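Reading through the structure tokens given below for one structure.
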Amino acid sequence: MNMMRIVAIPTEVANTVRSTLKAPTYGFPAHVEVAGDAAPCRHCLKTFVAGNDQRILFTYDRFAGVESLPQPGPVYIHADSCERYENETIFPEDLRNSPRTLEAYANGRKLIATEYIADGKYEYAIEKLFAHPDAAYIQVNSTTAGCFTFRIERRNDHSR
């Protein structure tokens with residue numbers, strides 16, 4: 001049984017940032033650059049090709065649509081259109097070998113547990129975090145940079 005649902009940033013957010021070059025909610029200017037590293041796009045969850053891909057850096061609230069108390073931070077998306085990550089029940093392969101911090105939250109943005117993964121074995125950690133009865137969702141962040149990557153939600157029984 002797969003209990004997770006991978007949630008990348010919404011396509012509407014990515015398209016608005018691309019067209020306005022402004023951060024959603026905050027209106028801060030977005031920055032376009034050639035990727036200098038293999039950080040992930042928060043929309044398609046694929047890594048950038050350093051020295052080749054154009055990317056946009058902007059401020060994003062990692063709790064948007066989930067909690068009322070914001071926590072904005074920097075994220076990247078491809079400057080050109082890309083398909084939103086669709087494999088909702090599979091951890092993104094492009095990110096499997098990069099260290100990530102998984103934070104389990106109860107509703108009300110209450111942090112209840114954290115797992116640091118560097119060996120690519122995310123499924124066990126996700127299962128362990130969702131074993132907490134109050135864990136409503138998991139925020140996945142870069143362990144090295146600290147920035148938001150994507151969210152994992154529990155799958156509803158009726159969505160299997």
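Of all the accessible heavy-atom surface of region 18-160, with the other protein chains kept in place and a 1.4 Å probe, what percent is carbon and sulfur?
49
Any chance you could run the full-extension gain for Glu127 through Thr144? It's 0.36 nm times the residue separation minus the Cα-Cα distance, nm to one decimal.
Full-extension gain reported as 3.8 nm.
Take the Cα radius of gyration of region 77-151 and divide it by 2.2 N^0.38 Å, with N its residue count; two decimals is plenty.
So the Cα radius of gyration is 1.14 times the expected 2.2 N^0.38 Å.
Return the long-range amide H neighbours of Ala136 (sequence gap of 5 or more, or a different chain), with a cut-off of under 5 Å between placed amide H atoms.
Result for Ala136 returns Tyr105, Ala106, Asn107.
Quick one, what does Rg over Rh come out to for region 1-58 if you take C-alpha atoms and the Kirkwood Rh?
Reported Rg/Rh (Cα atoms, Kirkwood Rh): 1.05.
Report the calculated FRET efficiency for Asn2 and Asn97 (r = Cβ-Cβ distance, R0 = 25 Å), to the nearest 0.05.
0.75
Can you work out the Karplus-derived ³J(HN,Hα) for every residue in region 43-53? Use 6.51 cos²θ - 1.76 cosθ + 1.60 with θ = phi - 60°, whole Hz, and x for glycine or proline.
So the J values, rounded to whole Hz, are 9, 9, 6, 9, 7, 6, 8, 4, x, 10, 6.
Kindly sort Leu21, Leu45 by accessible area of their heavy atoms, largest first, with the probe set to 1.4 Å.
Ranked list, largest accessible area first: Leu21, Leu45.
What residues from region 1-29 fall in the zone where the backbone N is under 16 Å from a label point 7 Å along the Cα-to-C-beta line of Glu86?
6-8, 11
Given [x] 41, 33, 29; [y] 52, 30, 29; [z] 59, 37, 36, which label gives Cα extents along the principal axes in Å as computed from the coordinates?
[x]
With the other protein chains left in place, how much accessible area per residue, in square angstrom, belongs to the chain at a 1.4 angstrom probe?
52
Determine the order of His132, His78, His43 by accessible area, beginning with the largest, at a probe radius of 1.4 Å.
Numbers: His132 75, His78 30, His43 0 Å².
Heavy-atom accessible area, descending, gives His132, His78, His43.
Give, in nm to one decimal, the length gained when the segment between Thr11 and His31 is fully stretched (0.36 nm per residue of separation minus the Cα-Cα distance).
On the way: separation 20, 0.36 × 20 = 7.20 nm, distance 1.85 nm.
Once the chain is fully extended between Thr11 and His31, it gains 5.4 nm.
The values are calculated or read from the model by the stated rules, or taken from the named source; none is laboratory data. Quantities reported herein were computed from a predicted structural model and do not represent experimental measurements. Here the Cβ is made from the backbone with ideal geometry for all residues, glycine too, and neighbour counts use every protein chain on show. What goes into the accessible areas is simple: the full protein's heavy atoms, side chains included, and nothing from ligands, DNA or RNA. Shrake-Rupley method; radii C 1.70, N 1.55, O 1.52, S 1.80 Å.
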